[in-house]
1. When the distances between all Cα atoms of segment 15-54 are binned every 5 Å from zero, what whole-number percent does each bin get?
2. Please flag any cysteine in the chain that has no other cysteine's Cβ under 4.7 angstrom from its own Cβ.
3. Rg to Rh ratio, segment 126-204, alpha-carbon atoms and Kirkwood radius?
4. Could you derive backbone 3J(HN,Hα) for segment 34-44 from the dihedral phi with the Karplus parameters 6.51, -1.76 and 1.60 (θ = phi - 60°), listing whole Hz in sequence and x where the residue is Gly or Pro?
5. Fewest to most neighbouring Cβ within 10 Å: what's the order for His82, His93, His124, His193?
6. So what is the 222 nm mean residue ellipticity for the chain from helices alone, if each DSSP H run of at least 4 adds -39500 (n - 2.57) and you divide by all residues, rounding to the nearest 500 deg cm²/dmol?
7. Starting from the Cα of Lys28, draw a straight line to each of the aspartates and glutamates and keep only those under 15 Å, dropping any in the same chain fewer than 8 residues away.
8. In whole Hz, what ³J(HN,Hα) sequence does segment 11-25 give by Karplus (6.51, -1.76, 1.60; θ = phi - 60°), x for Gly and Pro?
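Just so it is clear, none of the values below were taken in a lab; they were calculated from the coordinates. Because the structure is a prediction, the values reported are computed rather than measured. Glycine gets a Cβ as well: all are built from the backbone with ideal geometry, and neighbour counts include every protein chain shown.
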Amino acid sequence: FFMALLLKSDSVIETLSLSLSARCLKFKERGIIPKLQVFLVGENPASILYVRNKKKLCEKIGATCEIVRFSESVDPEKFERHILESAQNVEVHGMFVQLPVPKQLSDISFDHLIPPNKDVDGFHAQNIFGVFSGFPDNSYMRPCTPKGILTLLSYYKIPLSGKRVLIIGRSKIVGRPLALLMLHQDATVTMAHSKTANLQELSKNSDIVVAAFGRSEILDETYFRPTGDQTIIDVGINRRSDGKLVGDVKFDAVQSLVGAITPVPGGVGPMTVISLIDNLLIATELQNA
Ligand code: NDP
């Protein structure tokens, strides 16, 4: 049996926070205080927690974060008006709408309302085009979870070039952009989804497996080879029936089989948050170049 390397995010966050603080200070010397504005609708406890974590990290590095709250029943036109005002406001450098939003807002295309150079989530078509084309990292905003995963792999010096990567989950915010970004780093990428056959075989034959499909603890020991050389990135955040937060991987069953694995929580989640803050500084630079 092996002892897998635990790909924890805390030391990565500590290291990155220092350089983010330094970049933030540079802006302050130019009289610019990077400001993030968050639109939060309703009382969803998970959303409130996510937003709080983003604000905390923002303030830790010396940027400001304003949370604009709306009631669950907010009028769509009023909501849209607020977003457009912030889009025009030169003091706001980055903005995003915390998802999910209630039904009456689901038809609004936030990706169009938020200008590409303030789009810290990386959802605007122009930023998606950057992912598609492989634009230089600091020239646009990459979606936060894929960006965070790449940063984590790079911090732990896990190479992608020539590696076989399996990504399970093809959502627009995680699986799909991650596949393209890894392709640009010369990985050989396979995408899996709910219709994929032979998932176990695909998984066993991969060097890196990214679980981003959102089903509690599905990937158990039958999905990995016992050679201790696979890397597992667990993106899933699922609430088990006993209340515990778990990933898509059955951590206890596989950690003695694989070479490296991200914990849940404490792995990909915080990397997503720090990527958002990194995007805020990129946005601030783009607006003040
Ligand atoms: P979506 O629900 O948008 O997409 C899920 C994807 O997984 C779909 O492509 C679906 O396939 C596929 N899928 C579903 N069930 C299976 C299965 N049994 N086998 C193989 N593929 C399957 O998910 P998101 O990308 O939004 O989120 C995925 C997970 O990641 C969730 O647990 C979410 O909470 C978490 N998450 C974590 C973040 C973090 O920072 N750590 C950030 C964002 C999300 P199909 O397309 O065929 O329907």
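1. 6, 18, 18, 16, 15, 13, 10, 2
2. Cys24, Cys144 - these cysteines have no disulfide-compatible partner (Cβ-Cβ under 4.7 Å) in the chain.
3. Result for segment 126-204 is an Rg/Rh of 0.97.
4. Going residue by residue, I get x, 10, 9, 10, 10, 9, 10, 10, x, 10, 4 Hz, with x marking Gly and Pro.
5. His193, His82, His124, His93
6. Values: 10 runs with 115 residues, N = 289.
-12000 deg cm²/dmol, from helical runs alone.
7. Filter leaves Glu59, Glu91, Glu285.
8. Per-residue couplings from phi come out as 5, 5, 4, 4, 5, 5, 4, 4, 6, 5, 4, 5, 5, 5, 4 Hz.
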